[in-house]
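What follows is a single structure, written as structure tokens, with notes after it.
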Amino acid sequence: MTEEVRPASAKGEKAFTARLKPAAIAVFLATTSMTAAIPTLAVAQSYSFTSVQIEGLNRIEANTVLAHLGFARGESVSAAQLNAAYQRLNGSGLFEKVVLTPRGSTLVVKVTELPMINRINIEGNHALKDDQLTALLSSKPRYVYNPAIAEQDAQAIAEAYQASGRIAATVTPKIIRRDEGRVDLVFEVAEGKNTEIERINFNGNRAFSDARLKRVISSKQAGLLRFLVQADTLDPARVQFDKQLIADFYTARGYPDIDVVAVTSEVSPQEDAAYVTYQIREGQQFSFGEISAASTVEGIDAATLEPLAHIRTGSTFSPTVLDRAVARMEKKLQQMGYGFARVDPKVTRNDREGTLDIAFTVVRGARIVVERIDIQGNTTTLDRVVRQQFNTVEGDPFNPRAIRAAAERIRALGYFSNVDVQAREGSQADAVVVDVNVEEQGTGSFSAGGTYSFGTGFGYSLSFTETNFLGRGQYFKIAFTGGLDQKNYALAFSEPNLFGRDLNVGFNLNYSETTWASGLFESRTGEATGFIGFPVNELSRVRFFAGGNVGTMFNYTGTSAILQAEAARGWQYGVHAGMNVDFDTRRNGLNDPTFMVAKFSGDFGGFGSDNQYFKGTAQANVSTQLGNSDITLAGTVEGGALISIGGNGSRLIDRFALSTDQLLGFGPLGVGPRDTGAADNDALGGNYYGVARVEAKFPLGLPEEYGIQGGVFAHAGTVWGLDNPGGVDDAMHIRASAGAAIYWASPLGPLRFSYAYPLMKESYDEEQRFGISISAGF
């Protein structure tokens, strides 16, 4: 309870009761005598006030008091009504003390107004700043002081400390009285020690190891770098969220009966360490059994829907797979004109075989339509941005599954901290209103970072990104990256839903200044490209683009005749157009341990310059998890071709050159055609390249919270082919390397130490066996 302030209710009630006693005795005696004379009559105590006398008002109007009394002059008022009037005044949050005294036909109301808050101070806080805590307060300067609200504010501050890991924090509100009915409100904070998670335990898990489950949850054990890691502090809300993450992880892997029975958090007596234990009941793992389809609606042939399930018998059961199958079938029914038909998946358990038979049954749904969609809480984001996530519009049949899917898409935007989508009955029984309540969150970010690798040295970057530009759901980014030998400037903008459809349009502007080959020459390149993209199917998207580019090589100081000729061509201007296609199995929304990503790009360009070309690149990556997801195995192949159609052929700044990450064991421009006849043995790049990589990551037995993994890899690839080789060997010579690496998800960014031993190479190649790279943001 706030110091120096006591609730007025008890005291007021005593005063009120004391003043009612004489009147009550008189009424009792009168009532007794009347009852003896006329037994059939009963007289209740009542008052009739012709005037109300109010004392103690300074800032509050008399009409406010009269309004809370709730009865008119001359009106008969019972004792119960008078008590209710007192309770209304006392509970109004306006007065520190209230006394009601009947004096004949006059009601005397004595009040003591609550003081005004002069200023608010927070004292004793160090871990959390004033502005963080002030934003939590409902009490405000120049507002009426309310003890109950002050207590709520103190609790809000304490909860903020608990969320930051300081379970022992206490907050005490106090007031300092000033003149003229003002007070200073002070929140005294005793922060206590930071409560860290000393150990995370799992009981009952057999299918997945403790180490694997620790990678699922967001909470972490305190490690060597505990002062940098915020996730190792005990946050009760985060622990409960982790409980759901564990359940989702098991469910996606065929354990529909998973139950995280209990979560216990034991705190040490000093309240600076916690031990969190998750009790898990896994249940049996199931796979999909027999898949069938039937229809109870006349005119619908279930055989046309069954192929849309895309479920293979024997595959691991997943609710997401089942839900997407139903969504595809119901979409097909809508296209067929059966908007009110629904697909009901009936599941039959076969515990002995460990399978779930799925029978998709088409049923006639209730004829309910969507009356309207109401959106509230979006102070910045336009309504249309939220509405575009619905495949349902006003007047369409109501489909709860489609509404839930729209809610997930709204959450996936990343524009809102909270999204609540509910359906309620509309103006008629056969209509519903969909209420969308959202809470905005920041969508813009400024980042500064650094990079380092043996190949390129130190680099730095600055960028500003806004994913909800002007509340229109548009993407905007401006960035600068630089280093010892390179500077890059970029500007990007895109509209993801042109005309309310899934059409992504935008533009990219890039400009680079590069010093090549230890200062042998410099280059300037720029490009402006516009694009439009759209989905081809659930997993693939296509993008068409067109634009212009410019580039030059200058200040060449070497002796290569090839590079001298290319530098002499000066500035080249041209336009280009092309398309790219990308395929990503992760777009199906499944938490599948195996996924594939593939990209292809084709570009015709150089129109207007002294050389026209076709440039194509392709890349495919397959990644899977083995050994209860402890080991990650990935394979990548990529390649490209630059074909000159006419003119003087390509230049070094147009051709391919493998980076140190694409082919470990070799330096930048370390492989491919090289002018060995020149004094500086200049690298020339190539018109073609191809690379294959196999990599495996695995735990090293260290605590999960350290974020350190080991890895082994094998790389092979090459760069070859020139338009005008001039006696240079530009044949396709395969290079290969193998080695080991340590990966650390450090607080400063992902860090990799690697050692690669070249197994196949040419005599003129430049090796780089040891590598270190880091990408940091702050």
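Listed by chain and number, the aspartates and glutamates placed with their C-alpha closer than 13 angstrom to that of Lys193 are Glu271, Asp272; residues fewer than eight positions away on the same chain are left out. Using only Cα atoms, find the angle between the long axis of helix 9-37 and the longest principal axis of the chain, and express it within 0 to 90 degrees, rounded to the nearest 10. Relative to the chain, helix 9-37 is tipped by roughly 40 degrees.
Radius of gyration over Kirkwood radius for the stretch 354-400, both on Cα atoms: the Rg/Rh ratio is 1.20. A Förster radius of 25 Å, combined with the Cβ-Cβ distance separating Thr515 from Phe464, puts the computed FRET efficiency at roughly 0.40. Surface composition of the stretch 617-729: carbon and sulfur make up 55 percent of the accessible area, probe 1.4 Å.
Given the C-alpha centroids of the stretch 59-104 and the stretch 633-676, what is the distance between them in whole angstrom? Here the two parts' Cα centres lie 87 Å apart.
Projecting the Cα atoms of Ser292, Val393, Ile175 onto the charge dipole of the chain (Cβ charges, centred on the Cα centre) puts Ile175 farthest toward the positive pole. Where both bridge residues fall in the stretch 599-683, DSSP classifies roughly 95% of the beta bridges as antiparallel.
Farthest toward the positive end of the dipole of the chain, out of Gly649, Tyr415, Met760, is the Cα of Tyr415, where the dipole comes from beta carbon charges about the Cα centre. Relative to the longest principal axis of the Cα atoms of the chain, the long axis of helix 400-412 lies at roughly 70 degrees. Whole-percent P(r), the stretch 63-162, all Cα pairs, 5 Å bins from 0: 2, 10, 19, 16, 12, 9, 9, 8, 6, 4, 2, 1, 0. Each residue of the stretch 664-678 was assigned a 3J(HN,Hα) from its phi angle through the Karplus expression (A = 6.51, B = -1.76, C = 1.60, θ = phi - 60°), giving 5, x, 10, x, x, 6, x, 10, x, x, 9, 7, 5, x, 7 Hz with x at Gly and Pro. Take the Cα of Tyr489, step 7 Å toward its Cβ, do the same at Ile645, and the gap between the two points is 3.1 nm. Cut-off under 26 Å on the C-alpha distance; same-chain residues fewer than 8 positions from Lys140 excluded. Which lysines are left, in chain and number order? The reachable lysines, counting only those whose Cα sits under 26 Å from Lys140, are Lys97, Lys129, Lys174. Largest first, the extents of the alpha carbon coordinates of the stretch 357-461 on the three principal axes equal 68, 44, 17 Å. Just so you know, the Rg over Rh for the stretch 454-494 is 1.17, from Cα atoms, with Rh as the Kirkwood radius. Dividing the summed -39500 (n - 2.57) terms of all DSSP H runs of n ≥ 4 by the residue count of the chain sets its mean residue ellipticity at 222 nm at -5500 deg cm²/dmol. The modelled label-to-label distance between Lys332 and Ala731, using points 7 Å beyond Cα along the C-beta direction, is 5.6 nm. In summary, the aspartates and glutamates within cross-link reach of Lys487, defined as a Cα separation below 13 angstrom excluding same-chain residues under 8 places away, comprise Glu513, Glu522.
On the principal axes of its alpha-carbon atoms, the stretch 453-543 has extents of 50, 27, 23 Å, going from largest to smallest.
What a 1.4 Å probe finds exposed on the stretch 229-351 is 49% carbon and sulfur by accessible area, rounded to a whole percent. Here's how it looks for Phe666: its modeled amide H is under 5 Å from those of Gln768, which are all 5 or more places away or on a different chain. Quarter the surface of the alpha carbon convex hull of the chain and you get the mean projected area, 50.0 square nanometres.
The values are calculated or read from the model by the stated rules, or taken from the named source; none is laboratory data. What you see is a predicted model; the values in this text were computed from it and never measured. Quick reminder, even Gly has a Cβ in these numbers, built from the backbone with ideal geometry, and neighbours come from all protein chains shown. For accessibility, only protein heavy atoms count, side chains too; no ligands or nucleic acids. Shrake-Rupley method; radii C 1.70, N 1.55, O 1.52, S 1.80 Å.
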